[in-house]
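Peer 1: The structure's right below; bear with me while I get my questions together.
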Amino acid sequence: MKLIIVVCLIASVVLPSANMKAQSGWTWQNPLPQPNWLFGVSCVDAKTATAVGDYGTIIRTTDGGRSWLVQWSGTTTSLNKVSFSDANAGTVLGGNTILRTTDGGSIWTRQTIETAASLNGVTFSNTTTGYVVGDSGRIFRTTDGGITWTKQLSGTTHPLNGVSFTSADRGVVVGDFGTILATTNGGITWTAQWSGTNENLFGICFTDADTGTVVGDVATILHTTNGGTTWTKQHATAGTLQGVSFKDRNRGIVVGSEGPFYDPGLGVILRTTDGGLNWSRLSIPGSYSTLYSASFGNAYMGIVVGTDGAILQTTDGGNNWASQNRTVTSVDLCG
C-alpha cells in the first residue's frame, strides 16, 4: 500500500526553486500551476508567455499555456511587471528589484538600479533599450539591456505605474492623479499631457505612435488617436481597471474588478472591436476578485492573470476564455 503524506500550509505560499524541489523531494501539487497572486504577464507569441507575482513567483509556458514551469527568481519580493522583447530576453521588477534573463528565464540575474522607490512599470522596445517607472516620479532608461540604468527627469513626484513605447524614442507614461507624460526623444525631455481626470491610472497600451489606451480607477478608460495630444474618456461599467492589451487599433481588452480596490467584487474582462467606442463585459470562468494584467501573443491567443494564481486564456481573439488552473481537490486537508 502506498503512503501519501499531505502537508497543510497555513499562511502565504513561497514556491521553491527547481533545485530545492529536487533536493527535498517535494513538488507543488494543488492548485496547479501555483497558488500565488499573479500581477503581470507578457506573451511573445502564440506559445510563449511569462507571468510574475507574489513572493518572487515567475512561471513560464512554451506550449500555449497547457503547462507552466515555475522558474527560480532568487527573491521573495512581490514581482508586479514583466516585459519580454523576444522569447529569450526579458525583464521583471517589483519593489526596487529588477531581474533580467537572456535565456528565457533559465537564469535570472539581479540588476543594479540606484533607487529606494518602488518600481511599477517596465517596457523594452528592443533587446537592449528599455524603460522602468516607479514611485516619486522615477523614470530610468537602459540602452545596454539593463547593465546600466540612467535616471531621467520626469517633472513630477507622483507615483508612475505604467509605460508604453512604440520605438526606442517615443513613449508615454501614466501614474496617479491622472498623470500622463510623453517623450519623443527617448526621455531626454518629458511633457505632461492633459488627461482630463484626477483618477489614478494603472495600465497603458499603444499599438502605434498615435493610437493608445489608458485605464485606471473608477472605470476610467482614456483613448487617443493623436499620440496623446488629446485624450477622450470612454464608457466602462467596471470599477477598477488594472491592465489593457490591444492587438491592433480596434481590437483590445481591459481587465480589472467590478468594484473599488477596497471592495473589488469579481474580476472582469471588457472587450472592444471598434477602438473603444463600445465595451462589452465578457463571461469568464471562476470567481477571481481581481484580474491584473493581459497580453496577446498574436491576433488570437491572449492570457490574463490575477488573484489566487488565476490564468485565463483565449484562442479566438478574446471571444471566449478558459481557465488554465487545475485543482486536484478542494477538500480541507487539515480538517
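Peer 1: Let me check I've understood the local charge: for Gly175, count other residues with C-beta under 13 angstrom from its C-beta, Lys and Arg +1, Asp and Glu -1. What total comes out?
Peer 2: Net charge in that neighbourhood comes out at -3.
Peer 1: Moving to a separate point now. Out of residues 5 or more away from Thr48 or on other chains, whose amide H comes under 5 Å of its own, with H placed 1.01 Å from N in the peptide plane?
Peer 2: The list, which skips near neighbours in sequence, is Gly64.
Peer 1: For Tyr300, Tyr131, Tyr55, what's the largest-to-smallest order of accessible area, 1.4 Å probe?
Peer 2: Tyr300, Tyr55, Tyr131
Peer 1: Of the heavy-atom accessible surface of the chain (probe 1.4 angstrom), what whole percent is carbon and sulfur?
Peer 2: Carbon and sulfur together cover 51 percent of it.
Peer 1: How would Ile311, Ile113, Ile147 line up by accessible area, probe 1.4 Å, largest first?
Peer 2: Descending accessible area places them as Ile147, Ile113, Ile311.
Peer 1: Per-residue HN-Hα couplings for segment 160-168, Karplus 6.51 cos²θ - 1.76 cosθ + 1.60 at θ = phi - 60°, whole Hz, x for Gly and Pro?
Peer 2: 10, 10, x, 8, 9, 10, 9, 7, 5
Peer 1: What value, in deg cm²/dmol to 500, does the helix sum -39500 (n - 2.57) over DSSP H runs of n ≥ 4 give at 222 nm once divided by the residues of the chain?
Peer 2: My calculation for the chain gives -500 deg cm²/dmol from helical runs alone.
Peer 1: Taking θ = phi - 60°, what integer Hz values does the Karplus form 6.51 cos²θ - 1.76 cosθ + 1.60 yield along segment 93-99, in sequence order, with x for Gly and Pro?
Peer 2: 3J(HN,Hα) across segment 93-99, in whole Hz: 9, x, x, 10, 9, 10, 10.
Peer 1: Defining a contact as two alpha carbons under 8 Å apart and six or more residues distant in sequence, what relative contact order in percent does segment 137-277 show?
Peer 2: 14 percent
Peer 1: Using the heavy atoms of the protein chains and a 1.4 angstrom probe, tell me the accessible area per residue for the chain in square angstrom.
Peer 2: Here the per-residue accessible area is 45 Å².
Peer 1: Given H placed 1.01 Å from N in the peptide plane, which residues other than close sequence neighbours of Gly146 have an amide H under 5 Å from its amide H?
Peer 2: Hits under the 5 Å cutoff: none.
Peer 1: Taking θ as phi - 60°, what are the ³J(HN,Hα) couplings along segment 236-251 by the Karplus curve (6.51, -1.76, 1.60), each to the nearest whole Hz, with x for Gly and Pro?
Peer 2: Working through the residues one at a time gives 9, 9, 7, x, 10, 9, 9, x, 8, 8, 10, 7, 7, 4, 9, 9 Hz.
Peer 1: Given H placed on each backbone N at 1.01 Å, which residues far from Arg251 in sequence or on other chains put an amide H within less than 5 Å of it?
Peer 2: Gly275
Peer 1: I would also like to ask the following. What is the local net charge at Gly90, summed over the other residues whose Cβ is closer than 10 Å to its Cβ (Lys, Arg +1; Asp, Glu -1)?
Peer 2: 0
Peer 1: Number of Lys pairs in the chain with C-alpha atoms less than 27 angstrom apart, excluding same-chain neighbours closer than eight positions?
Peer 2: Counting lysine pairs in the chain gives 9.
Peer 1: Would you list Arg138, Arg170, Arg249 from the most to the least accessible area, probe 1.4 Å?
Peer 2: Arg249, Arg170, Arg138
The values are calculated or read from the model by the stated rules, or taken from the named source; none is laboratory data. Predicted model only: the values in this text are computed from it and were never measured. Note: ideal-geometry Cβ built from the backbone for every residue, glycine included; neighbour counts use all protein chains shown. We work out accessible area using only protein heavy atoms, side chains counted, and drop any ligands, DNA or RNA first. Shrake-Rupley method; radii C 1.70, N 1.55, O 1.52, S 1.80 Å.
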